[in-house]
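Read the structure below first, then the notes.
The values are calculated or read from the model by the stated rules, or taken from the named source; none is laboratory data. Fair warning: this is a prediction, and the values are worked out from it, not measured in the lab. Note that we place each Cβ from the backbone using ideal geometry, even for glycine, and neighbour counts take in every protein chain shown. When the accessible area is computed, the model is the full protein with side chains, heavy atoms only, and any ligands, DNA or RNA have been set aside. Shrake-Rupley method; radii C 1.70, N 1.55, O 1.52, S 1.80 Å.
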Amino acid sequence: MLTSLLKWSFVRHRYLFIAFTMVQTVFALAIVYGLTLMMGSLTTSQAEQLSAGVWQLGLVAVGCTIAPQLLSESISEGLLEYQRNLPVPRICLLIADFIIWIAVSIPGVVAGFVASTMKFGLIQMATSNLVMMLLLCALGNLSSGYMLAIWLPCGGVTVVGQLIMLATMLFAPILYPSDKLPSIILTIHDWMPFVPMHRMLTDAAFPGSNISHSIDLFVVFAWCLTGVAGCLAGLSKRR
């Protein structure tokens with residue numbers, strides 16, 4: 001059952017692998033090489049945070065912007081309604097799509113890894129802990145993005161997705177130090193998923209950074225569960 005859904009999802013999204021690999025590679029290079037031109041010389045800590053920020057922004061772009069927009073198009077075309085009527089568990093529909101989107105995200109993570117290594121000469125620890133953190137962050141972004149796509153109208157999904165991307169790039173301490181923002185903004189980010197994800201990725205890739213908070217894992221898990229629950233509730237609602 002799940003295998004058939006995976007094949008179907010892959011056939012629907014197979015063109016994304018080549019296109020998104022190119023886009024994510026350019027995106028990673030633009031941040032690592034372009035943004036640092038404006039930031040000047042970076043300390044080791046700042047370089048580590050920016051390196052992890054490239055991965056996080058790539059996952060946000062896929063999970064909260066691109067995937068929800070394509071799902072919204074599927075809803076408009078009636079494809080999701082057809083899938084809802086198939087004799088398969090709702091959770092299997094999500095799992096199949098999430099696996100494909102995580103696979104689509106991998107080239108962007110690799111591109112960010114290579115670009116930051118070449119630029120900063122950092123030794124990034126590709127450990128099992130980092131892989132688990134990347135999977136958890138990808139799941140959190142995808143579940144939140146899918147929940148928005150299922151519950152919001154098509155136009156609203158595009159607007160909210162773009163707002164999330166802009167907010168995480170410009171108004172979250174992901175690509176720059178947290179002391180640049182007011183304390184109230186930092187408090188809000190502590191309870192949103194994106195900055196805790198970034199701190200967890202930084203600590204997993206660079207064990208000596210020690211910037212994550214004790215509550216970060218709880219916050220990310222809570223958003224993951226909320227997103228998945230919201231998706232399942234939306235898929236189960238009567239039309």
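Quick check: the distance between the Cα centres of segment 70-146 and segment 1-40, to the nearest angstrom?
Here the two parts' Cα centres lie 10 Å apart.
What Kirkwood radius, in Å to one decimal, follows from the Cα pairs of segment 171-239?
Radius from the Kirkwood sum: 13.5 Å.
At 4 °C and 1.567 mPa s, grab the translational diffusion coefficient of segment 76-142 from Stokes-Einstein with a Kirkwood Rh over Cα pairs, rounded to a whole number in µm² per second.
Estimated diffusion coefficient is 90 µm²/s.
Hey, what angle do you get for helix 154-170 against the long axis of the chain, alpha-carbon based, 0 to 90 degrees rounded to 10?
The angle comes out near 10 degrees.
Against the longest alpha carbon principal axis of the chain, how many degrees, from 0 to 90 and to the nearest 10, is the axis of helix 128-151 turned?
50
Give the residue list of chymotrypsin sites (Phe, Trp or Tyr not before Pro) in segment 137-227 that are DSSP loop and have at most 10 other beta-carbon atoms within 10 angstrom.
Loop-located and lightly packed - none at all.
Among Asp97, Asp203, Asp179, whose mean-square fluctuation peaks in a Gaussian network model of the chain (Cα, cutoff 10 Å)?
Asp179
First compute the accessible area of the chain with a 1.4 Å probe, then give the percent of it belonging to carbon and sulfur atoms.
That share works out to 72 percent.
Mind checking the angle between helix 44-60 and the chain's longest principal axis? C-alpha axes, 0 to 90 degrees, to the nearest 10.
The helix 44-60 is inclined about 10 degrees to the chain.
Mind grabbing the accessible area of Met165 for me, 1.4 Å probe, Å², rounded to tens?
Number for this one is 20 Å².
For log10 I(q)/I(0) by the Debye sum over Cα atoms at q = 0.08, 0.15, 0.16 Å⁻¹, the listed values are [x] -0.27, -1.10, -1.28; [y] -0.38, -1.06, -1.17; [z] -0.30, -1.01, -1.14; which was obtained by calculation from the structure presented?
[z]
Could you list the square roots of 5 times each eigenvalue of the Cα gyration tensor of segment 3-48, that is, the equivalent ellipsoid semi-axes, sorted largest first and rounded to whole Å?
Semi-axes (√(5λ), whole Å): 36, 12, 5.
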